[in-house]
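This report refers to the structure that appears directly beneath it.
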Amino acid sequence: MKPTSGALRYFCRIKNGATPASVEPEYWDGNIKWATPEDLGKLMSNKIINTKRLITEKAVEECNLSVLLEGAVIISTRAPIGHMAINESLMAFNQGCRGIIPGDQVHGPFLYYMLKSRTCELNAIANGTTFVELSRDELAAVLVEFPPLDTQRRIAQFLDEKTARIDALIEKKHELLDRLAEKRQALITRAVTKGLDSDVPMKPSGVEWIGEIPRHWGTKRLKQISEIFTGYAFRSTDFVDSGIPVLRIGNIQFDGTISLQDAKFLPIYFKERYRNWLVQNGDYAMAMTGATVGKVGRVSNICFALLNQRVCIMRQNKNSTRDFLWLLLNSNPFRKFVELEAFGGAQPNISADKIGLCQIAIPEKSEQAEIILKISRPLAEIDKIEEKIQLSIVHLQEYRSALVTAAVIGQIQELVEQ
């Protein structure tokens, strides 16, 4: 039997999502699961079982929410586009998602794998000005091709088994990365709070999250060993297509680097007008607000860039070496300080003044240099191992993607011929 093809709307029903009024307590904390792109993005499998928030039957009734029975596909259709999963129980979803209910000719898990293999295409056809979105009509118009139901089931079962093995390997590699990160943190924290000589006499630091420090060390506020300043609140109308890049929170990478690949730009003449907010190579930039508050990146290989108000810069002074300051900012005591001092609940914030008050243990500059010299080699070895693991994860993900694509378009012939 030849595959059936046409627009997705002819084989599935597509539902829009919605959010009940947040100020109405009777709509929330019920027994109906409510999926969001955030829920979908955190999944490690192709199934969604639980959601971060729950809604009530009253919310479903009064807000006319779509509720999916088990076996539908929920897909995020606002940036990021393409997170998706098969719901394992009764579930509603917000406006950042759409629900796809398979018709009689469609096997739900096969539909999931087919759409997963076409994430790039779905992103390419999305539109929007304020934010990019894949509309219901655009999704419904996607051309699809379905083999017979029995073949769909065999392909989905094959992919369930194969991808589960690949995902298990990826998970183990992520666990190894976590252990290496813990090892790095322990190495850095010991170096900047205890030094490298385990036999040196110790004394109380007087700071709870630091504990004991070498007797000949002292404590200082972070503002005593670095210049700290925040960025400027540029207006949205200031931005142009090209010019001077602006360093924002999103430009600070989790690996401690700065990337201006997705930077916004200001006119060239802003360089002189706002010269006090120019960053320098060797500066350390830190996120001051949001879910990644405390994330730190090292500025390097940047000709010039202006600083956004949600980022602060820490620049070494005569009391510290630059690399020792970097270790301090990546140590557990500093991260603990930020965690304790950030305020704002769902949107944590910390001010530059508060950052400057962070107490740190610090030796003389000669010992700082010695610590840097001795710790650089084991840190470099950890970096090298992490790089290899990250590369192997990328290869596994590419293999997984290629396998899914090959299976759903019929290039794994034995699945089609069985």
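Would you please name the residue that is nearest to the chain's Cα centre (by Cα), looking only at residues in the stretch 237-292 that are aromatic (Phe, Trp, Tyr) and surrounded by 12 or more Cβ atoms within 10 Å (Cβ to Cβ)? Spell out the reasoning first.
Taking the stretch 237-292 and keeping what is aromatic (Phe, Trp, Tyr), we get 239, 254, 265, 269-270, 274, 277, 284.
With the extra rule that they be surrounded by 12 or more Cβ atoms within 10 Å (Cβ to Cβ), the set shrinks to 239, 265, 270, 274, 277, 284.
Numbers: PHE239: 25, PHE265: 23, PHE270: 31, TYR274: 31, TRP277: 27, TYR284: 20 Å.
Applying the filter and picking the extreme gives TYR284.
Take the stretch 181-201 and flag every residue that is assigned to a helix (DSSP H, G or I) and open to solvent by 20 Å² or more (accessible area, probe 1.4 Å).
Correct list: ALA181, GLU182, LYS183, ARG184, GLN185, ALA186, LEU187, THR189, ARG190.
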What pairs can you find where one residue is in the stretch 348-371 and farther than 18 Å from THR189 by Cα, the other is basic (Lys, Arg) and not in a helix (DSSP H, G or I), and their Cβ atoms are less than 8 Å apart, with a gap of 6+ or different chains?
GLY356/ARG221; LEU357/ARG221
So which helices (runs of 4 or more DSSP H) stay within the stretch 330-412 end to end and still have 3 or more residues that are modelled with pLDDT under 90 and on the phi < 0 side of the Ramachandran plot?
332-341
In the stretch 313-326, anything under 13 Å from VAL192 (Cα atoms) and open to solvent by less than 10 Å² (accessible area, probe 1.4 Å) is listed as SER320, PHE324, LEU325
I'd like to know if the stretch 382-402 contains one or more residues that are open to solvent by less than 80 Å² (accessible area, probe 1.4 Å), of a type in the set (Ser, Thr, Tyr) and more than 30 Å from THR193 (Cα to Cα).
yes
Within the stretch 182-194, can one find any residue that is farther than 30 Å from ALA305 by Cβ, within 23 Å of the chain's Cα centre (by Cα) and among the basic types (Lys, Arg)?
yes
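Check whether at least one residue in the stretch 334-344 is of a type in the set (Asp, Glu) and within 23 Å of LEU187 (Cα to Cα), and report yes or no. Steps first, please.
Keep residues of the stretch 334-344 that are of a type in the set (Asp, Glu), which gives 339, 341.
Pick out the ones that are also within 23 Å of LEU187 (Cα to Cα) and you get 339.
Yes: the stretch 334-344 contains one or more residues that are of a type in the set (Asp, Glu) and within 23 Å of LEU187 (Cα to Cα).
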In this structure, does THR219 turn out to be among the hydroxyl-bearing types (Ser, Thr, Tyr), open to solvent by less than 40 Å² (accessible area, probe 1.4 Å), in contact with a strand residue (DSSP E or B) (Cβ under 6 Å, 6 or more places away or on another chain) and under 30 Å from ASP383 (Cα atoms)?
no
For ILE372, work out the one condition from (1) open to solvent by 10 Å² or more (accessible area, probe 1.4 Å); (2) within 21 Å of ILE258 (Cα to Cα); (3) touching an Asp or Glu at 6+ places or on another chain (Cβ under 9 Å) it doesn't fulfil.
(2)
Residues satisfying the stated conditions in the stretch 13-65, i.e. in a loop (DSSP other than H, G, I, E, B), surrounded by 12 or more Cβ atoms within 10 Å (Cβ to Cβ) and of a type in the set (Val, Ile, Thr):
THR19, THR36, ILE49, THR51, THR56
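The values are calculated or read from the model by the stated rules, or taken from the named source; none is laboratory data. This is a predicted model, so every value here is computed, not measured. Positions of Cβ are backbone-derived with ideal geometry, glycine not excepted, and every protein chain shown enters the neighbour counts. Protein only, heavy atoms only, side chains kept; ligands, DNA and RNA dropped before computing areas. Shrake-Rupley method; radii C 1.70, N 1.55, O 1.52, S 1.80 Å.
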